[in-house]
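Participant: Below is the structure I would like to discuss, written out as structure tokens.
The values are calculated or read from the model by the stated rules, or taken from the named source; none is laboratory data. This is a predicted model, so every value here is computed, not measured. Counting neighbours? That spans all protein chains shown, and the Cβs are built from the backbone with ideal geometry, glycine included. Only protein heavy atoms, including side chains, enter the accessible area calculation; ligands, DNA and RNA are left aside. Shrake-Rupley method; radii C 1.70, N 1.55, O 1.52, S 1.80 Å.
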Amino acid sequence: MKIQCRGVLFDLDGVLVDSTPAVARVWTIWANKHGFVPDQVVRQAHGRPSIATIRDLLPHADHQAENSEVERGEIEDTEGVIPLPGALEILQALPQDRWTTATSCTRRLAEVRIRAAGLPLPKHMITSNDVQRGKPDPEPYLKAAQILGFPSTDCIVVEDAPAGIRAGQASGARVLALRTTALDLELTESGATWIINDLASLRVNSSDHRDALDLFIEQR
């Protein structure tokens, strides 16, 4: 199946990078410290800015201090942070000015994870430092499309988490969802346009550098 678009907006964790073990370790330590159930906290934190989860669970805490503690733990723990299948190949195939990332990580953490996974850094990217409202609000993807110079309606968002899918859908983009984190039912209910296993199922034809990119879904 062929998809045409002008730009591709990638989420980071669960799309380009597998950081699941590191994220689970850090949030488990934090959850145990505050008396929460670790598995529930890890699920709640996925795909959202860390500070949003902290505000939900500790409404009266020093949110900035707690967030700095979580971020420090995630920056220091890069064991097992690896590229997901197909990530490097698709980023190398896309023209550099046609893709970017929109992640709920801070800029510092995003750069640490991208480098740990051996992936190329985008020319520009949108992180939690660049937005007032994180996913599921559409602001991250609206800004990501803007830095590429395209309307969001001309872009494809690639996501794995329900919050991110809702953000992409609300921005007006079409959303390609990966089965790396959530079940198909969750992906569909969140607004995914297409669902594939991972980026190894995606090919790009941009050799002639026309205005439109041709993406091909090859289900395995």
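Participant: Do you know which of the residues in the stretch 58-112 that are hydroxyl-bearing (Ser, Thr, Tyr) and closer than 23 Å to PRO162 by Cβ is nearest to the chain's Cα centre (by Cα)?
Facilitator: It comes out as THR103.
Participant: Return the residues of the stretch 96-110 that are polar (S, T, N, Q) and touching a Ser or Thr at 6+ places or on another chain (Cβ under 6 Å); say none if nothing qualifies.
Facilitator: Scanning the stretch 96-110 gives THR103, SER104, THR106.
Participant: For the stretch 93-129, what are the residues that are among the charged types (D, E, K, R) and surrounded by fewer than 21 Cβ atoms within 10 Å (Cβ to Cβ)?
Facilitator: The answer is ASP97, ARG98, ARG107, ARG108, GLU111, ARG115, LYS123.
Participant: Given VAL41, VAL23, VAL17, which one is at pLDDT 95 or above, surrounded by 15 or more Cβ atoms within 10 Å (Cβ to Cβ) and either under 20 Å from the mean Cα position of the chain (by Cα) or of a type in the set (D, E, K, R) (or both)?
Facilitator: Only one candidate passes the filter, namely VAL17.
Participant: Quickly run through the stretch 10-30 and pick out the residues that are assigned to a loop (DSSP other than H, G, I, E, B) and among the hydrophobic types (A, V, I, L, M, F, W, C).
Facilitator: Those that are assigned to a loop (DSSP other than H, G, I, E, B) and among the hydrophobic types (A, V, I, L, M, F, W, C): LEU12, VAL15, LEU16.
Participant: Something else now. Tally time: how many residues in the stretch 152-162 are surrounded by 22 or more Cβ atoms within 10 Å (Cβ to Cβ) and either out of contact with any helix residue (DSSP H, G or I) (no Cβ under 8 Å at 6 or more places or on another chain) or in a loop (DSSP other than H, G, I, E, B) (or both)?
Facilitator: 3
Participant: Let me ask you something else. Show the residue pairs that are 6+ apart or on different chains and have beta-carbon atoms under 8 Å apart, the first residue being within the stretch 1-25 and more than 18 Å from ALA173 (Cβ to Cβ), the second being open to solvent by 30 Å² or more (accessible area, probe 1.4 Å) and assigned to a strand (DSSP E or B).
Facilitator: VAL17/ILE82; VAL17/PRO83; ASP18/ILE82; ASP18/PRO83
Participant: Still on this model: Of the conditions (1) of a type in the set (A, V, I, L, M, F, W, C); (2) surrounded by fewer than 22 Cβ atoms within 10 Å (Cβ to Cβ); (3) in a helix (DSSP H, G or I), LEU187 fails just one. Which one is it?
Facilitator: Among (1) of a type in the set (A, V, I, L, M, F, W, C); (2) surrounded by fewer than 22 Cβ atoms within 10 Å (Cβ to Cβ); (3) in a helix (DSSP H, G or I), LEU187 violates only (2).
Participant: Being crowded, with 23+ Cβ neighbours inside 10 Å, closer than 25 Å to SER201 by Cα and in contact (Cβ under 8 Å) with a residue 60 or more places away in the chain narrows it down to one of GLY168, GLY86, so name that one.
Facilitator: GLY168
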